[in-house]
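The values are calculated or read from the model by the stated rules, or taken from the named source; none is laboratory data. A quick note: this is a predicted structure, and the numbers were derived from the prediction, not measured. Glycine also receives a Cβ, built like all others from the backbone with ideal geometry; neighbour counts cover every protein chain displayed. The accessibility values were calculated without ligands, DNA or RNA, using every heavy atom of the protein model including side chains. Shrake-Rupley method; radii C 1.70, N 1.55, O 1.52, S 1.80 Å.
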Amino acid sequence: QDVKLGVVAVNYNSPSIQRQADSGIAYAKELGWEVELFDGQGDQVATNNAAMAFMDRDFDAILNVASANTQMSGVIGYANEKDVPFVSTFSGLVPGITADIGSNNTADGVIAATELAGRIEGTGKVAALNWNVLPALIERERGFDAVMAGYPEIEVTKIEIKVPGQVDDAYAQANNLLLANPDLDAFWVGWDELVAPVVRAIEQSGREADVFVVSQDGIPEVLELVRQDGPAELTVAYNVDRMGVVAVDVIKSTLEGNPPPTQLLTLKPCLVTASSAPAKGESLDFSTCGLFSGESVAGN
Amino acid sequence: MTTSDTAKSDPTPARKFDWIDFLSRWGTLLSLVLLIVLFSFGRPEVFMTLRNMLNILNQVSILGMIAFGLTICLVVGLFDLSIGAMATFGGYFAARFLMELGYESWFVVVLVILAVMALSALIGMLNGALISKLGISAIVETLAMSFVVTGVILGVSGGRTVYATEIPDAFTIIGQGKIAGVPNPVLILLLLGLVLWVFLEHTQTGRNMYALGGNREASRLSGITFSKYALIAMGISGACAALGGLVAGANLGAGRPQGVGDVYLLNAFVAVFIGASTLKPGKFHILGTAIGVLLIGVINNGLSVMGVQTFWQYIVQGGILILALISASLNTVRRT
Amino acid sequence: MTTSDTAKSDPTPARKFDWIDFLSRWGTLLSLVLLIVLFSFGRPEVFMTLRNMLNILNQVSILGMIAFGLTICLVVGLFDLSIGAMATFGGYFAARFLMELGYESWFVVVLVILAVMALSALIGMLNGALISKLGISAIVETLAMSFVVTGVILGVSGGRTVYATEIPDAFTIIGQGKIAGVPNPVLILLLLGLVLWVFLEHTQTGRNMYALGGNREASRLSGITFSKYALIAMGISGACAALGGLVAGANLGAGRPQGVGDVYLLNAFVAVFIGASTLKPGKFHILGTAIGVLLIGVINNGLSVMGVQTFWQYIVQGGILILALISASLNTVRRT
Amino acid sequence: MTHDDQTAGPRPGEVLTIRGLTKQFPGTLALDNVGFDVREGEIHALLGENGAGKSTLIKCVCGAYAPSSGEIRIDGKSVDIATPADATAAGIAVVHQHMNLVPTLSVAENLHLGEPLPRRAGLLNWAAVHKRARAILDKVGVDIPTSTPVSALRPEQQAMISIARAVSTDARIIILDEPTNALLPHEVERLFDQMRALAAKGHSFLYVSHRLSEVFEIADRATVLRDGRNAGTFEGEDITHEKIVEAIVGRGGALAERRLRSHAREGRIMRVRDLSGQRARGITFDLAPGEIVGVAGLPGSGADETLNLLFGRSRPTAGEVEVLDRPIRLRDPADAIAAGIAYVPKNRLTEAIFHAESIRSNVTLPSLAQYLREPFLRLVHRGREDAAANQVTAKMRVRMPGIETAIDDLSGGNQQKVVLGRWLSTGAQVFLLNSPTAAVDVGAKKEIYELIDELARDGKGIVFASTELEEYALVCDRVFVFAAGRVVGELSGADVTDAKIMTLAAGGAIAA
Ligand SMILES: Nc1ncnc2c1ncn2[C@@H]1O[C@H](COP(=O)(O)OP(=O)(O)OP(=O)(O)O)[C@@H](O)[C@H]1O
Ligand SMILES: Nc1ncnc2c1ncn2[C@@H]1O[C@H](COP(=O)(O)OP(=O)(O)OP(=O)(O)O)[C@@H](O)[C@H]1O
Ligand SMILES: [Mg+2]
Ligand SMILES: [Mg+2]
């Protein structure tokens, strides 16, 4: 049929947002749909307005790629009014949306933190670097906190990273932490962009053997770092390419009269360690990878 | 006593049409029209609709409010780099106060908005006081202030966003509602533009501001105290930025502690300077700023409607700005 | 007819120590020393170690390179807002070229670095040409150029980062290696600072730049061509920004297409203006900039080592900047 | 004339020859087919009204402007001077009318501006730079440390630095555009001695000044421009006051006459007691309605400062000022204006004029409060504003196309009338005038004198200062003479002469 899909992304130039959008757009075009993309270039208000404009132009569905649904209440209300499916990827659950395709960030935070605690045997010193502004990052930290609450022997230092400038700030903060804490055991970082600078700082201080990093996201750069078996110990990887495809699928079935049974559709993440990391240049196979370290150990 | 009287005859002999002068005045407006025509041919069914026009206006409304405020302080000759932080400030604190108060009433919302704008005006006036009383560089002082404001917002918020469910609907309607089909932000923008236009062009305060911007020493000797007008101008700039951020917050239904204003900072400067190359080259004025804001809106909307990739939007916007500057400078250059 | 003759007394009586002048010259340096003492008492085992000192230097090295370049164009009286985009440009294209070439050799790395810096210098010179030949505002022209450059980087990269594994080690060593225990970025910073200091203070070109910055028309009439020096200054500024971005890229082993330079942009201005309030109030100079850069580095490192929350870092940095500006202005204010 | 003998004798060669020089600005033909020549070893005066084209001609000769057409020859050979550097290379040194120095740089660096500095091992040799600078300053007898920043110097010291730079070069042609405006009399004398000595060695001078007495003292020949065209070159016996003035203004007898009749009335419009500031102390006087009081003195003596203090431009440290028996506080010019004081600053272009604004705006700015529709929003009633602007410009006899014309398009004299006129509608009772005829030509000067006289006749009180001592006699009823920040004498009636003012100002006494 003749479906018009409006895709909005608050910052299309961010690589993982681009992958979510591109995979969804490619699939929609395969289905013969007409697709229009709007890039907010960081401007959430413009992004919202663009979504409204799509609906005003009688688009059949809205796909929101990774801009917090909590900041799109007006858009979601309007979509409900016009009976237009509103599906998002990685944008959080709020009332009124058709579905959000994402991951259980709290659970992912728990996985990474549990693996970390196990590796330092439940005792030691850990630094957590995060940016407590994005909802997904807050959820991950919530998972991390929940795990750490169970290990009174682990001392946690929390650092709020400056955004923008996160990469450089993470590098500086990691350096300072390593200097100020000779007994530091590990870093937990909120998202993968911070892994490379922290790894650099660890290598530079010559403590590759004692200090490691865990994270969540699974961007190619970090998969590669993990594979190299350096301080980047593991990351909880998301299937971003699949998110776009699933989102379009959900829109398709909703338009056909079969809305999804639940509003929060989580995809299986994947625990990537040195042993389970994909070979250079290859991408992660989400159908086979494990979710817990034991599986990958047993799998080898 | 001999007198030849050839000298003081017609000062402007019938000259040929002055292309350079024409271009320097009308070039920007012309390029705006040209772009509209271009996009209209490209996607006639989308671009040239009333809906899309309103959409463009809506897209630029927040940028417009911030840029209008910036125009005022540039008229006095002061740069304000704190507008980004002030926009975030306005959006966050309006939402935060409303959340803390927890009343769902028009009255409270209006009160909170006024309070936040007054607070922002005060911070702006503090900028103005520091700049004019101590004679320090406005660029750097406002930059420093923006660090302080950013820190305060982060400290107060703990990084946590205030969400729609915590904010009364009476507030969000400011950003999301419509009157007679026109989105509220557009109405606010038009109203603000009108008020500031009258203020700058037709009140004594505005005229004195232009005088200060033109020649500060001569103004002082005409009894116009710089510090007073610096205070007013920076206060207005701060309040307008906060208003912009506040409308953005109402539109999003969220009080975000970060990343609201930064997007608008540079574009506001671009818009105001494009404006100063329009109609009255070399002068900052509200109408010019409005044209600058529209130009940015049309470029972004048009290219996006045409399906052009984002990076082209950056390039085209930068390119057009350079062309606007060049056309505005033509008049000056040929004099030497 | 009356005449009195009391007039010709000593015009400069033996004055008391001039606190205000002292403060305006040495205030910034003093506050740097004070901060260091403070932090040393707070965490003596960490802060005042050679390793942490090198760490601070390493952390500010990139900011320092960019700020040094900016100093040059401010000396001539030109603002360069494109340094953020140029830093990103340098970091991305160095990594990208090396990835495309795929050779793992010193020679190729040096060649690519020179090529990228030459390219950036050319873009800077284009800025200089547009500004000086057409007489358009440097602030807006460089802002426009930064949009264009950002667009080009985004277009070429498609938003994709070039990773460490795709870059030869000979490149990353520039950012990651050490010589005699001193990190390479620090060495590069010191070298660049020395070269630019000699350039500004002890060469004819540098002095002519100061002359242009002091009075452009007088310099022109003395045969110092503005356009030539605008070209040189903006070229240096562009090249330094690219160098900074390039070292940042080498340090982190990544060619990032966005988010590299933006943070340095504002901080570089802060550093340079703090510098202009130091030792020689009102004058931009390399030594002052170095002090400004250090001050920023010490604040961030010290507060972070003391475990002070991040938002305080914003507030303290903004506050100190304002104080520095005030102290530098004291001398001027009392003159009126 | 005695120096005529020097130019006689073997006919000297023409060093600088100008032929058919034309410069067209948009809307203004600044130079129209100008031609004359400067001979070796002569001092050649270039004269003309404001806007006659003198500075434009100089800028064309030194490469700052590109002439529209015309030829410049040096030693008979046609040269192409496209940039100031070309002019320097051709042996031309210039002291421009404005903007000669870089205030942020040291005296030494300013003396070398645009020239290659001495080097050692590739880098600058600062010791040599300062040594050379010292030598240059010693030659013109200026005793200032060479490392002082120019911004710290007084105006007359700055002027001497500019001049020292030009005369220190081995340039064959030295062009001075109104160099004496800021100089003290003894410095003018020293400059002239220097010029004569250099001329004797074969250097040639092109010398611009509005002070005709200087011209009669120093010039061998004089070329007059009028409206951008040649209005004659005079030599020897022909250099007379009448002939030169006639050539300049294009009509005879334009000079103003000595002031004979005072308009001072009974009463007191302003009372000043013991007013003191940083650079002037203990000023005490009463000003009667219709009285014109002069304040005179060498630069920095406190005369200018008195006006600044009375207007709140400089902050008084002590003293009382009353206007119409009301005591006033002078923290800012706004206070003074509110009390009914008006002020015309010395430098029209930088301190008085709002560039690119209309004549209307320039006239009504300080009095806008009178044309408001209401006091709260302060909306301006445009009709009333226009009427006021028209009335003022008519009264001041401003020659203009209309009140919406940009002020920059007016000639200097007319701009000055606008500046004076803006105070007519503020209801000012006291007028502080600092060199109101500065850089204004002979014709406009006379009109401004008449306007000042009219103000006095209307009962306003006027305090007057000028850089040209002759003016005090033309304008003032009595004159206070300042030295080193204090009043050292008062002259009135027939005692007001330039000679007596000078004597007092220089610290001498006058026999009663
Ligand atoms: N840059 C310019 N653009 C347009 N017109 C100009 C420019 N410079 C000078 N003029 C005009 O050219 C004419 C000659 O000006 P010029 O400065 O040469 O006069 P002048 O003889 O030096 O006068 P003064 O005695 O006041 O110094 C005037 O009408 C002036 O307004
Ligand atoms: N910058 C300018 N641009 C355009 N026209 C100008 C400019 N400056 C002066 N003019 C015009 O050039 C003409 C000549 O100016 P000039 O200064 O020679 O007048 P003037 O006859 O000397 O007047 P006055 O006797 O009052 O000094 C004036 O009519 C003026 O309108
Ligand atoms: Mg005239
Ligand atoms: Mg002149």
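Points worth noting:
- Applying a threshold of 7 Å to beta carbon distances and a minimum spacing of six or more residues, or different chains, the list of pairs starting in the stretch D:38-67 at a residue that is more than 13 Å from ligand 4 (Cβ to nearest atom) and ending at one that is of a type in the set (Phe, Trp, Tyr) and not in a loop (DSSP other than H, G, I, E, B) reads D:Ile43/D:Phe205; D:Ile43/D:Tyr207; D:His44/D:Phe205; D:His44/D:Tyr207; D:Ala45/D:Tyr207.
- Whenever a residue of the stretch D:334-356 is within 7 Å of chain B (Cβ to nearest Cβ) and under 12 Å from D:Phe431 (Cβ atoms), its partners that are basic (Lys, Arg) and open to solvent by 30 Å² or more (accessible area, probe 1.4 Å), lying with C-beta atoms within less than 9 angstrom and at least six residues away or across chains, give the pairs D:Tyr343/D:Arg313.
- Of the residues contained in the stretch B:189-207, one or more are found to be open to solvent by less than 20 Å² (accessible area, probe 1.4 Å) and within 14 Å of chain A (Cβ to nearest Cβ).
- Some residue of the stretch D:180-187 being without any contact (Cβ under 8 Å) to a residue 12 or more places away in the chain, assigned to a loop (DSSP other than H, G, I, E, B) and either within 16 Å of ligand 3 (Cβ to nearest atom) or closer than 18 Å to D:Ala93 by Cα (or both): no
- Hits in the stretch D:475-512 - residues which are among the aliphatic types (A, V, I, L, M) and either part of a loop (DSSP other than H, G, I, E, B) or surrounded by fewer than 20 Cβ atoms within 10 Å (Cβ to Cβ) (or both): D:Ala484, D:Ala494, D:Val496, D:Ala499, D:Met502, D:Ala506, D:Ala509, D:Ile510, D:Ala511, D:Ala512
- Taking the listed residues B:Ser277, B:Ser327, B:Ser304, the one that is facing another protein chain (nearest Cβ under 9 Å), away from ligand 4 (no atom under 16 Å from the Cβ), open to solvent by 10 Å² or more (accessible area, probe 1.4 Å) and of a type outside the set (Val, Ile, Thr) is B:Ser304, with no other qualifying.
- Any hit, the stretch A:271-284, residues being at pLDDT below 90 and not in a loop (DSSP other than H, G, I, E, B): no
- Among the residues listed as A:Ile101, A:Ile76, the single one being within 14 Å of chain B (Cβ to nearest Cβ) and either under 30 Å from B:Val46 (Cβ atoms) or modelled with pLDDT of 95 or more (or both): A:Ile76
- Any helices (runs of 4 or more DSSP H) falling wholly within the stretch D:74-167 and containing at least 3 residues that are touching a residue at least 60 places away in the same chain (Cβ under 8 Å) and outside the structural domain of D:Val38 (by the TED database): none
- Within the stretch D:399-420, the set of residues being more than 18 Å from the chain's Cα centre (by Cα) and more than 13 Å from chain B (Cβ to nearest Cβ) comprises D:Ile403, D:Glu404.
- Within the stretch D:47-84, the set of residues being within 13 Å of ligand 1 (Cβ to nearest atom) and among the small types (Gly, Ala, Ser) comprises D:Gly48, D:Gly51, D:Ala52, D:Gly53, D:Ser55, D:Ala64, D:Ala66, D:Ser68.
- Residue count for the stretch B:120-138 under the criterion of being open to solvent by less than 20 Å² (accessible area, probe 1.4 Å) and at the interface with chain C (Cβ under 8 Å from one of its Cβ atoms): the result is 1.
- The set of residues in the stretch B:154-178 being free of Cβ contacts under 8 Å to residues at least 60 places away in the same chain and closer than 21 Å to B:Glu104 by Cα consists of B:Thr165, B:Gly177, B:Lys178.
- Extreme residue, farthest from ligand 3 (Cβ to nearest atom), among residues of the stretch D:427-464 that are at pLDDT below 90, touching a Gly at 6+ places or on another chain (Cβ under 9 Å) and within 14 Å of chain B (Cβ to nearest Cβ): D:Gly427
- The residues on offer are C:Ala290, C:Ala241, and the sole one that is closer than 30 Å to A:Pro15 by Cβ, in a helix (DSSP H, G or I) and more than 13 Å from chain B (Cβ to nearest Cβ) is C:Ala241.
- The stretch C:217-247, subset surrounded by fewer than 24 Cβ atoms within 10 Å (Cβ to Cβ) and among the polar types (S, T, N, Q), residue nearest to C:Ala94 (Cα to Cα): C:Ser227
- All of (1) modelled with pLDDT of 90 or more; (2) within 16 Å of ligand 3 (Cβ to nearest atom) hold for D:His210 with one exception: (1).
- Residues of the stretch D:434-492 satisfying the condition of being touching a residue at least 24 places away in the same chain (Cβ under 8 Å) and of a type in the set (Ser, Thr, Tyr): D:Ser435, D:Thr437, D:Tyr449, D:Ser466, D:Thr467, D:Tyr472
- Taking the criterion of being more than 16 Å from ligand 3 (Cβ to nearest atom), farther than 23 Å from D:Met195 by Cα and more than 14 Å from chain C (Cβ to nearest Cβ), the only residue of the stretch D:35-64 that qualifies is D:Gly35.
Here's the yes/no breakdown for (1) under 21 Å from D:Leu124 (Cα atoms); (2) not hydrophobic (A, V, I, L, M, F, W, C):
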site	(1), (2)
C:Val148	no, no
C:Val156	no, no
C:Arg160	no, yes
C:Ile179	no, no
C:Val186	no, no
C:Trp197	yes, no
C:Leu200	yes, no
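- Flag for D:Glu374 being among the charged types (D, E, K, R) and within 10 Å of another protein chain (Cβ to nearest Cβ): no
- Residues being more than 16 Å from ligand 1 (Cβ to nearest atom), part of a loop (DSSP other than H, G, I, E, B) and among the hydroxyl-bearing types (Ser, Thr, Tyr) are entirely absent from the stretch D:437-447.
- Taking the stretch B:168-186 as the range and being facing another protein chain (nearest Cβ under 9 Å) and either touching a Lys or Arg at 6+ places or on another chain (Cβ under 9 Å) or modelled with pLDDT of 95 or more (or both) as the test, only B:Pro185 passes.
- When B:Gly307, B:Gly288 are checked against the criterion of being on the phi > 0 side of the Ramachandran plot and not β-branched (Val, Ile, Thr), B:Gly307 stands alone in meeting it.
- Residue check for B:Leu321: under 19 Å from A:Val10 (Cβ atoms) and facing another protein chain (nearest Cβ under 8 Å): no
- For the stretch D:147-160, the set of residues classified as at pLDDT 85 or above and either closer than 15 Å to C:Ser219 by Cα or open to solvent by 60 Å² or more (accessible area, probe 1.4 Å) (or both) consists of D:Ser147, D:Val150, D:Ser151, D:Ala152, listed by residue number.
- For the stretch A:275-292, a residue qualifies if it is aromatic (Phe, Trp, Tyr) and open to solvent by 60 Å² or more (accessible area, probe 1.4 Å), and exactly one does: A:Phe292.
- For the stretch D:78-111, filtered to residues that are open to solvent by 50 Å² or more (accessible area, probe 1.4 Å), out of contact with any Phe, Trp or Tyr (no Cβ under 9 Å at 6 or more places or on another chain) and among the polar types (S, T, N, Q), the residue that is modelled with the lowest pLDDT is D:Gln97.
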